[in-house]
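A short write-up of the structure that comes next.
Each reported figure results from applying straightforward, stated rules to the coordinates on display, with no laboratory input. Please read all numbers here as calculations on a predicted model, not as lab measurements. When we count neighbours, we look across all protein chains shown, and the Cβ atoms used for this are built from the backbone with ideal geometry, even at glycine.
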Amino acid sequence: MRIVSLGSGSSGNALVVQAGQTTLLLDAGFTAGALRSRLKQARLAAESVTAILLTHEHRDHAFGAFSFARRFGVPLVADPRTLDAAYQRVERGQADPATLAGAWRVERIEQVERVELAVGRSTTVGGLSVRSFAVSHDAVAPCGYVVSSGAWRLCYITDSGTVMEPMIEALAESSLLLIESNHDRDRLLNGSYPWHLKQRILSPTGHLSNEQTCDALLRVLDDAPRWVWLGHLSRANNTPDLARSALRERLRQAGLRHIEPQVSPPGVGVAWDSASLWGSAAPPARQPDSREQPPQADAVPLAPARAARPQSL
Ligand SMILES: [Zn+2]
Ligand SMILES: [Zn+2]
């Protein structure tokens, strides 16, 4: 499984996950043209994209979704409420203007294939298993995703004002953990943002602070080899050094020096390839959890989540 961040932050988000013949875009917060050129930088053709998965309808996540989907004949996968909200934004002209040159283009947007995946459900897309889970954000049906290829798993969490148990479970079962580390709380409180914006970001449906992200990660990280990417950093209220050093310090205190966090930059950035880690070897074994997963009619069975570390540790 190969994963490349195509950009992360309030100016746009997209991540590409590729395994065998399957290539997924997680979020499409850039124009179709920018997505195409960013994919090219990651040595992938836009024509190779199998599907786009959306976490929520905000512009920095869905801006180019419809135009890219139409141009390259790619289905959009998301909760039906998210698909509706993203479509309404296109109609209102808040999405990629390339899609809005005329009414006929709006009609063609309706030809984009919609694949509804309700929050909390699972499916397969090509050779990849996908499970969505709830996050807490001021969007209609925000979610994160666990994307699996065999035993390798990516957890993708962005835009959440608080950490909920489904997020902890998703982090606990994954090898590569991409999670928002949006702001330094003091910088935000003492910064120049208007009070209503500060309140929005700090609210339970806003964005995760460095401290909240560290708390969540420290609940799930252990001696096993894992990879952590911090994403969606605020340009005004955070820096890569602040986010990284906050987590490094907490990892040091917990005796987890083997984990080296990286930051997903606004441009094409960090990459991860399971093939370069252990060759054809399997990822580290996980201890199965005794918790039962609720049955899902159309779900692809996934191995149970590993037990999360209790919050007190
Ligand atoms: Zn958002
Ligand atoms: Zn966002």
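Taking only C-alpha pairs under 8 Å that are 6+ residues apart, what is the relative contact order of the stretch 2-275 in percent? RCO, the stretch 2-275: 18 percent. Taking other residues whose beta carbon is less than 14 angstrom from the beta carbon of LEU189, and scoring Lys, Arg as +1 and Asp, Glu as -1, yields +1. Bridges between two residues of the stretch 2-275, per DSSP, are antiparallel at a rate of about 60%.
When both the stretch 166-217 and the stretch 66-94 are represented by their alpha-carbon centers, they are found 26 Å apart. Taking Cα centre as origin and charging only the Cβ of basic (Lys, Arg, +1) and acidic (Asp, Glu, -1) residues, the dipole magnitude of the stretch 2-275 rounds to 580 debye.
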